[in-house]
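What follows is a set of notes on a single structure, which appears directly below.
Taken together, the values in this text are just the output of simple stated rules run on the coordinates, not laboratory data. Computed from a predicted structure; not experimentally measured. Backbone-built Cβ (ideal geometry, glycine too); neighbour counts: all protein chains shown.
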Amino acid sequence: MNRDTLDKWSERGILGLVLAILVFGPLATGAVRTPDFLVIQGLTIGVLLLWCLRLWLKPHPQFLFPPICWLVVTFALYSIARYKTADIEYVARMEMVRVLVYAFLFLAILNNLYRQEHSQIITFTLIFLAMAISFYAVYQFVTNSDKVWTFVKPYEHRGSGTYISPNNLAGFLEMILPLGLAWMLVSRARTLTKVFIGYASLAILAGVAVTVSRGGWLSVGLSLIVFFALLFFHRSYRLPSAALLAVIIAAGFYFIPRTQFFQERLNELTKNGGINDNSRFELWGPAVKLWQENIWWGIGPDHFNYRFRPFRPETIQREPDRVHNDYLNTLVDWGIVGTALVASAWVLLCAGIFKTWRFVRGSPNDLASRKSNKFAMVLGASLGLLALLVHSTVDFNLHVPANAILAVSLMALLSSCLRFTSEKYWLTARAGVKVVVTLVLLSGALYLGGQGFRRLTEYAWLARAQNVPGFSAQQISLLEKAFAVEPKNFETAFSIGQAFRVESWEGDNDYKELAGKAMDWFDRAIKLNPYYGYSFMQYGMCLDWLGRFDEGQSYFDRAVLLDPNGYFTAAHMGWHYVQKEDYAAAKTWFERSERLLPGPRNPIANSYLPIVERKLMEIAASRPNSNP
């Protein structure tokens, strides 16, 4: 096998691996779970190794390196620097790994899959994948199914396809819908192919509809307005685009009034005389306050969820995970510097699209203008990313790996189109450059491989720990093995401490020794993440168990300081005062906890409050009557 043949097969291998990543991510519930992302991480390592091979199969390889690449590389380096200075090492490292995967995939797609046949294969794969997932979403909506594969989704009567969240499915579909419409209307594909793409596009549109995602509806609506407006000014596409627009509008007028759930979701937008945002806006205020703690550099990669509790509004008792606004989330985690890098990359991408536009569009007034696959690609991918940017104002699709990788892939394909405008974006690699690039790619592959192996080993031990009796010696042993693999994971340290605490409460003469071990592990968790109030709270519970109430008070006070509006923390503060037999203070805290989260979801306050009230009544009854 000669070099050219081997290079061709390596190129096909990269294409196959990238397709596997693009298909697997959405099918694996967005690749948000650890084992699913590890699959993507492993496939990315394969892409890097094949790219290294291609570099040395050609005597003088060329790199496609438009200006956006400098910002991609700079942000990757910035993520490494912020990881090194982050407060919560484990969390920051996991986020940095994701950033590195995205950056490597962008550069690999840009430099290996820039041919038109590559973009066509990727586009068709995405369109028909989205069609299949949309069929699944429609089935879920029609049958009111709450299943996603074997998982149970918490969203009633909303289609989520292979994602858990319907909003994330909408984010995925909205990026692909303009691609399907563009290839149907302006590409040089065969008529039969266009018919299939047309049906797929309508299925995708139905998939967006049944997500009942108002952000998805808005983003798709705006992208379609821009799509049809652009084609309206091109005489060759005016009539077919107008016909398609009429079909879409007619379908909307027919189905929306006949679907009560659609109407209810729309009415929720203006419920109670204002905009009902499902608590999204309530997260933005705390996010701004967190950003102000470190304006330039941010609080740390993926730190929002762990730093949120001191600023928690009383109305939000669950973990928010993200800000529900990708722009603000980026500002909070990465600061002005990181946000400026990301924004500059988008600006350069837009500048490249505008520069490419006139080379792929043809003349709007030319009656004889021919269909163009290049134009279909640029038009569809650009408007798909526009839809994502609109949706990102009210959601966090760019923090869902499958959707982020799709966005990165579209950005890479669009950036590769700059080669149509000029030869200056091609760089010929001499021997020294080849060596440097090879070392970078191999280093990236080795690092991602090492991190992936550690994460997989840790996950295996943690999964085994979940399948044994809770708080048992066997579970503690498995958790300790997981911690030995990843000694920076504060959650594992916390879980071990909690298991020892429960064993201490159920123990006999060794209860003091077990409580001491629990406090040692809680202390480790505190050092690994000083913002996690539950570690302080559990440490205080151990001190109360040992009768050291005054020492425990300071730990409970610290927990409340870190989560002043948390119902769970308030309930445990009440429990602490019960141990001290200060029932009046306990009653105050249990009542506050119940106000923050009323109902059966707050069992501690619900069960202890009647006990405390009875104790107070007994104390009052036992006091001598001072009246004559």
Task: Derived scalar couplings ³J(HN,Hα) [the range 612-623; Karplus, 6.51 cos²θ - 1.76 cosθ + 1.60; whole Hz; x for Gly, Pro] - done: 5, 4, 5, 4, 5, 5, 5, 5, 5, 5, 7, 6
- [ ] As a check on your grasp of the helix formula, calculate [θ] at 222 nm for the chain: sum -39500 (n - 2.57) over DSSP H runs of n ≥ 4, divide by the residue count, round to the nearest 500.
- [x] -24500 deg cm²/dmol
Task: Hz values of 3J(HN,Hα) by residue in the range 432-444 - Karplus curve (6.51, -1.76, 1.60), Gly and Pro given as x - done: x, 5, 4, 5, 5, 5, 4, 4, 5, 5, 5, 4, x
- [ ] Output ³J(HN,Hα) for the range 305-321: one whole-Hz value per residue in order, computed from phi by the Karplus curve 6.51 cos²θ - 1.76 cosθ + 1.60 with θ = phi - 60°, and x for Gly and Pro.
- [x] 4, 8, 10, 6, 4, x, 10, 4, x, 4, 7, 10, 10, 8, 6, x, 6
- [ ] Of the options Ile204, Ser422, Cys52, report the single residue whose Cα projects farthest towards the positive end of the charge dipole of the chain (beta-carbon charges: Lys, Arg +1; Asp, Glu -1).
- [x] Ser422
Open item on the list: Under the rule of at least 5 residues apart or a separate chain, name every residue whose amide H is placed under 5 Å from the amide H of Val148.
Closed with: Lys153
Open item on the list: Given an 8 Å cut-off on Cα distances and at least 6 residues of separation, report the relative contact order of the chain as a percent.
Closed with: 16
Open item on the list: Would the range 581-622 count as rounded, prolate or oblate if I go by the C-alpha gyration tensor, calling it rounded below 1.5 in a/c and otherwise prolate when a/b exceeds b/c, oblate otherwise?
Closed with: prolate
Open item on the list: Could you work out the relative contact order of the range 468-565? I mean the mean sequence separation of Cα pairs under 8 Å and 6+ apart, divided by the number of residues, in percent.
Closed with: 21
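Can you give the net charge of the other residues whose Cβ lies under 15 Å from the Cβ of Pro487, counting K and R as +1 and D and E as -1?
0
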Task: Answer label, with Cα Rg over 2.2 N^0.38 Å calculated from the coordinates and candidates (1) 1.32; (2) 1.11; (3) 1.00 - done: (2)
Task: Relative contact order [Cα under 8 Å, 6+ residues apart], the range 67-425, whole percent - done: 26
TODO: Show me 568-580, 333-345, 227-239 ranked by packing, highest mean number of other Cβ atoms within 10 Å first.
DONE: 568-580, 333-345, 227-239
TODO: List the aspartates and glutamates whose Cα lies under 12 Å from the Cα of Lys527, skipping any in the same chain that are fewer than 8 positions away.
DONE: Asp87, Glu89, Glu491
- [ ] For Lys153, go through the lysines and keep the ones whose alpha-carbon is under 29 Å away, minus same-chain ones fewer than eight residues off.
- [x] Lys271
TODO: May I ask you to list the lysines whose Cα is less than 16 Å away from that of Lys580, ignoring any residue fewer than eight positions away on the same chain?
DONE: Lys615
Task: Residues with amide H under 5 Å from that of Phe63, placed H, sequence gap 5 or more - done: Leu427, Thr428, Ala429
Open item on the list: Please compare each pair in Lys434/Lys488; Lys481/Lys517; Lys194/Lys424; Lys355/Lys434; Lys58/Lys424; Lys512/Lys587 to a cut-off of 26 Å on the Cα-Cα distance and tell me which ones are over it.
Closed with: Lys434/Lys488; Lys194/Lys424; Lys355/Lys434; Lys512/Lys587
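Which residues make up the longest stretch of the chain clear of GluC sites (Glu not before Pro) that lie in a DSSP loop with no more than 13 other Cβ atoms within 10 Å, not counting the sites?
424-580
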Task: Angle between the chain longest axis and helix 326-361 axis [Cα atoms, degrees, rounded to 10] - done: 10
Task: Under-5 Å amide H pairs with Tyr531, H placed in peptide plane, nonlocal only - done: none
Task: Global size of the range 468-565 as Cα Rg and Dmax, reported in angstrom - done: 13.1, 38
TODO: Evaluate the Kirkwood expression for the hydrodynamic radius of the range 2-133, namely the inverse of the mean inverse distance over all pairs of different C-alpha atoms, and round to one decimal in Å.
DONE: 16.2
- [ ] Take the Cβ-Cβ distance between Thr457 and Val436 as r, set R0 to 35 Å, and report the resulting FRET efficiency rounded to the nearest 0.05.
- [x] 0.65
TODO: Arrange the peptides 538-547, 16-25, 188-197 so that the one whose residues have, on average, the most other Cβ atoms within 10 Å appears first.
DONE: 538-547, 16-25, 188-197
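Once the Cα gyration tensor of the range 67-207 is diagonalised, what are the square roots of 5 times its eigenvalues, in whole Å and ordered largest first, as equivalent ellipsoid semi-axes? Can you show the working numbers first?
Numbers: eigenvalues 213, 132, 18 Å².
The answer is 33, 26, 10 Å, longest axis first.
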Task: Within the chain: Cβ-based charge dipole about Cα centre, in debye rounded to nearest 20 (Lys, Arg +1; Asp, Glu -1) - done: 2880
